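In what follows, a structure is listed as structure tokens, so that the remarks can point back to it.
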């Protein structure tokens, strides 16, 4: 009995080692989970195209996407640890960093891509005509709000001269169509959507307000950066490569993102012409961000100075 018992123990231990090794090897090969938040926007085309083409899965990454309605929601989700990476506007990203949220900008996404839209039959033909009017924006901390207030300054106007409403981006064009607002500022494709549906016309694009301004960026939690640099590098390499694909395959991009956003490829082809897609955190992009910080400070969105070291981590997509 003793010999039989010892033999049984030996076989059990041997099988345990074998199965433990198998389990470990399978676990080691499991794709790394990355939770990524993004906005339903043409600005995030690189992320949507990479998903549509299964590029992350092919690289061994298990990307879990979370769609949110505002950039401030994405920054809050990063602060609470609910997401690892986010595609977000530069304004809420900088505001989050200024408020002590432990995030860094690890990649560039786009320049320009927003615009002010008025009703199709509106008599509003210039910014001063907005005085006393209801104007919708995606939110008080959005880059669109910053752009609007910056443009008002040129005409000695402030937010007090308008009735600015925060409206969910998905219904902004409908509020104009229903005459609940006189104008709105938004990002693509919601800028081009109104002319496309014959409910509005573009008063001006954001590159008319600040030519070549930084818009969306990729943020990552500092602890995620520290603990997962290889996975983050893979993710950002895909972002860079997909951005290059977008810049050389606009029609295909329009088709792929129209499926994600349930829009029309012909609309997307129009909207994409107003967005400049980039990926590198080169010196030029960093300089644009530092200039934008001064604007946010002048308008009261930022209360303190920020240094490049506090804002950027250029190890992954540096210029």
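Which helices (runs of 4 or more DSSP H) sit wholly inside region 165-240 and have at least 2 residues that are at pLDDT 95 or above, more than 30 Å from residue 130 (Cα to Cα) and under 20 Å from the mean Cα position of the chain (by Cα)?
Of the helices (runs of 4 or more DSSP H) lying wholly inside region 165-240, those with at least 2 residues that are at pLDDT 95 or above, more than 30 Å from residue 130 (Cα to Cα) and under 20 Å from the mean Cα position of the chain (by Cα) span 222-227.
Can you report the number of residues in region 18-59 which are in contact with a helix residue (DSSP H, G or I) (Cβ under 8 Å, 6 or more places away or on another chain), more than 18 Å from residue 143 (Cβ to Cβ) and modelled with pLDDT of 95 or more?
Final tally of qualifying residues: 11.
Please work out which residue is surrounded by the most Cβ atoms within 10 Å (Cβ to Cβ), limiting yourself to region 75-108 and to residues that are over 24 Å from residue 305 (Cβ atoms) and touching a residue at least 60 places away in the same chain (Cβ under 8 Å).
85
Residue-by-condition table, conditions (1) touching a residue at least 40 places away in the same chain (Cβ under 8 Å); (2) surrounded by fewer than 24 Cβ atoms within 10 Å (Cβ to Cβ):
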{"position": "113", "(1), (2)": "yes, no"}
{"position": "144", "(1), (2)": "yes, no"}
{"position": "150", "(1), (2)": "yes, yes"}
{"position": "154", "(1), (2)": "no, yes"}
{"position": "158", "(1), (2)": "no, yes"}
{"position": "184", "(1), (2)": "yes, no"}
{"position": "189", "(1), (2)": "yes, no"}
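Listed residues 117, 202; which is surrounded by fewer than 20 Cβ atoms within 10 Å (Cβ to Cβ) and in contact (Cβ under 8 Å) with a residue 40 or more places away in the chain?
202
Tell me which residues, restricted to region 51-74, are crowded, with 21+ Cβ neighbours inside 10 Å and within 14 Å of the chain's Cα centre (by Cα).
Those that are crowded, with 21+ Cβ neighbours inside 10 Å and within 14 Å of the chain's Cα centre (by Cα): 71, 72, 74.
Does region 285-298 include one or more residues that are touching a helix residue (DSSP H, G or I) at 6+ places or on another chain (Cβ under 8 Å), modelled with pLDDT of 95 or more, assigned to a loop (DSSP other than H, G, I, E, B) and assigned by TED's automatic domain parsing to the domain that holds residue 86?
No: zero hits.
Take residue 159 and decide whether it is modelled with pLDDT of 95 or more and farther than 25 Å from residue 273 by Cα.
yes
Out of the residues in region 28-50 meeting the condition of being part of a loop (DSSP other than H, G, I, E, B) and surrounded by fewer than 17 Cβ atoms within 10 Å (Cβ to Cβ), tell me which one is nearest to the chain's Cα centre (by Cα).
Only one residue tops the list, namely 31.
The values are calculated or read from the model by the stated rules, or taken from the named source; none is laboratory data. All of these numbers come straight from a predicted model, not from anything done at the bench. Cβ sites come from the backbone with ideal geometry, for glycine too, and all protein chains shown count toward neighbours.
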